Amino acid sequence: MTQRAETLSSHTLATAVDQVIQARKSVKVVGDVDAPPEIPAGFFAEVQEAMKVAGWAPFHFTAHNAHLDREMNSPVPWRFYALDQANCLRLIDSLIAHPELGLNKNAAILRMIASYGALVLVTWLPEPENSINEEEAARRAMKNEEHTAATAAAIQNLLLAATARNIDSYWSSGGVLREAATFELCKIPAQESLLGAIFLAPEMPGRDGVRPGKLREMRGNPEQWMTSVII
């Protein structure tokens, strides 16, 4: 391959990446628990491929050994728990039936779960609370900050990989999905902490109940959030 061809290839790749980043947007839909959408065959396989790519996020510190004594024992400080549509609908039923949550089918978070084709609960892995002095406590806080940042990078990778596959997405803080009852139902260890509930669906143009992200057009111009430092 000539140098010109290599440069063109790099330029083409950069253009494609830029387009995916700019195309990514929040797509929130609050539908009807009793009327879930028809999800095409193969959709969850696409979600799984997007999750695999998302795992190439950077991380500064490995997860603490306290999190590595189970089947998912990667040293990365995040974990993905994915539910296909059938399991999303089972989760809704289980949450409604839970005696302590007081939910019914009109709860917004349940209507959201029903409206997408998949749900990925993304957790991060906190350092154990065993600090004995201020220096250790500060180091633990710094590691947790790094773990959270790495997990956010993995989530962004997932959103971009989804966009590249024509999959709409919405990053939610989780609501009731942060509760111990949800962790137990989804077999998530109590030591982990939810950073995002990622709702995924085939592109939804024209669907009822779709709401665009409220902050997308409020980021301003690049000059308002970037600068070149001269020393």
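Table for the structure above
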quantity: Residue range of the chain that is longest and free of GluC sites (Glu not before Pro) which are both DSSP loop and sparsely packed (at most 15 other C-beta within 10 Å); calculated: 130-202
quantity: Per residue value of the accessible surface for the range 138-231 (all protein chains in place, 1.4 Å probe), Å²; calculated: 61 Å²
quantity: Relative contact order of the chain, defined on C-alpha pairs under 8 angstrom at six or more residues apart (%); calculated: 30 percent
quantity: Using alpha carbons only: equivalent-ellipsoid semi-axes of the range 12-137, gyration tensor based, whole Å; calculated: 31, 25, 14
quantity: Largest-first principal axis extents, alpha carbons of the chain, Å; calculated: 63, 57, 37
quantity: Above-threshold pairs, the threshold being 25 Å between Cα atoms, out of Lys28/Lys105; Lys187/Lys214; Lys52/Lys187; Lys52/Lys105; calculated: Lys187/Lys214; Lys52/Lys105
quantity: Sites His60 and Arg216 - FRET efficiency at Förster radius 25 Å, r taken between beta-carbons, to 0.05; calculated: 0.30
quantity: With at most 11 other Cβ atoms within 10 Å, longest stretch of the chain clear of loop trypsin sites (Lys or Arg not before Pro) (DSSP); calculated: 71-186
quantity: Label-to-label distance, nm, for residues given as Gln48 and Ala149 (7 Å Cα→Cβ offset); calculated: 3.4 nm
quantity: Charge context of Glu46, other residues only, Cβ under 13 angstrom, K/R +1, D/E -1; calculated: -2
quantity: The range 49-122: chymotrypsin sites (Phe, Trp or Tyr not before Pro) in DSSP loop, at most 13 other beta carbons within 10 Å; calculated: Trp56
quantity: Sequence-distant residues sharing a close amide H with Ala63 (under 5 Å, placed H); calculated: Val76
quantity: Neighbourhood net charge (14 Å Cβ-Cβ; Lys/Arg +1, Asp/Glu -1) for Asn157; calculated: +2
quantity: The range 98-231 - Rg (one decimal) and Dmax (whole number), Cα, Å; calculated: 18.7, 62
quantity: Scattering curve values for the range 141-192, log₁₀ I(q)/I(0), Debye with Cα scatterers, q = 0.22, 0.25, 0.29 Å⁻¹; calculated: -1.00, -1.03, -1.02
quantity: Equivalent ellipsoid semi-axes, the range 77-159, via Cα gyration tensor eigenvalues times 5, rooted, Å; calculated: 34, 17, 9
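The values are calculated or read from the model by the stated rules, or taken from the named source; none is laboratory data. Quick caveat, the model's predicted, so the values are computed rather than measured. With ideal geometry, Cβ positions are generated from the backbone for all residues, glycine too; neighbour counts draw on all protein chains shown. Heavy atoms of the whole protein, side chains included, go into the accessibility calculation; ligands, DNA and RNA do not. Shrake-Rupley method; radii C 1.70, N 1.55, O 1.52, S 1.80 Å.
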